[in-house]
Amino acid sequence: LNDFLLKEQMTEMFRRFDITPPGGSFIALAVGLTFALGILLVWLYAMIRPRYGPGPKTAICAALVIWFVLGVYMNVLYGVLFGMGTTMIAIGAVWALIEYCLATIAGAWVYKES
C-alpha cells in the first residue's frame, strides 16, 4: 500500500515531518504485529461463532469490529493529526477493510473447534 498506492503521499509526508523512511526493523515489527492482528481476528471470530454461526458472514462481522477500531478510528485520527487529506485516509481505510475481511475469512476457513 505505502510503496505503490500512497508512495508520493508518503514521500511528501516523510519530507514534511523530516522523518527517515522506515527500514528493515520497522518492516519486521509491522509484519509481527500484523501476524498478531490476524490471530486476534480469528480469536474474535471464534468468540462470536457460537452466536452467529460458522462461515464468511461471521468472519466479516469479526473483521468489521477490528476494522472500525483500527482501520477507521486510527486512520481518521492520525490522518487529521498529520494532515494526510481525505483521499489518503479513505484509501487506508478501504485497504484495511479488504485486508481484514480477507484475513478473517482465511483464518475462519482453517479454524476448527477443538
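Scan the range 67-94 and report the pairs whose first residue is at pLDDT 90 or above and whose second residue is among the hydroxyl-bearing types (S, T, Y) and open to solvent by less than 80 Å² (accessible area, probe 1.4 Å), with Cβ atoms within less than 7 Å and a gap of 6+ or a chain change.
Taking only residues 6 or more apart or on different chains, the pairs are W67/Y100.
Scan the range 95-114 residue by residue and report those that are among the polar types (S, T, N, Q) and in contact (Cβ under 8 Å) with a residue 40 or more places away in the chain.
Passing the criteria: only T104.
Of all the helices (runs of 4 or more DSSP H) wholly in the range 1-98, which have at least 2 residues that are hydrophobic (A, V, I, L, M, F, W, C), surrounded by 13 or more Cβ atoms within 10 Å (Cβ to Cβ) and touching a Phe, Trp or Tyr at 6+ places or on another chain (Cβ under 8 Å)?
It comes to 24-52, 56-66.
Give the range 99-114 a look and list any residue that's assigned to a helix (DSSP H, G or I) and of a type in the set (G, A, S), or say none.
Those that are assigned to a helix (DSSP H, G or I) and of a type in the set (G, A, S): A103, A106, G107, A108.
Checking A103 against (1) small (G, A, S); (2) within 13 Å of L41 (Cα to Cα); (3) within 9 Å of the chain's Cα centre (by Cα), only one condition comes out false. Which one?
(3)
Do you know which residues across the range 67-100 are among the aliphatic types (A, V, I, L, M) and over 15 Å from the mean Cα position of the chain (by Cα)?
Once the filter is applied, which keeps residues that are among the aliphatic types (A, V, I, L, M) and over 15 Å from the mean Cα position of the chain (by Cα), the range 67-100 yields V80, L81, M84.
So, in the range 49-66, how many residues would count as being touching a residue at least 40 places away in the same chain (Cβ under 8 Å) and within 15 Å of the chain's Cα centre (by Cα)?
Counting residues in the range 49-66 that are touching a residue at least 40 places away in the same chain (Cβ under 8 Å) and within 15 Å of the chain's Cα centre (by Cα) gives 4.
Among the numbered conditions (1) within 15 Å of the chain's Cα centre (by Cα); (2) under 21 Å from G107 (Cβ atoms), tell me where A46 comes up short.
The single condition A46 does not satisfy is (1).
The values are calculated or read from the model by the stated rules, or taken from the named source; none is laboratory data. Computed from a prediction, not measured in an experiment: that's the story for all the values here. Every residue, glycine as well, gets a Cβ built from its backbone with ideal geometry; the counts of neighbours run over all protein chains shown. For accessibility, only protein heavy atoms count, side chains too; no ligands or nucleic acids. Shrake-Rupley method; radii C 1.70, N 1.55, O 1.52, S 1.80 Å.
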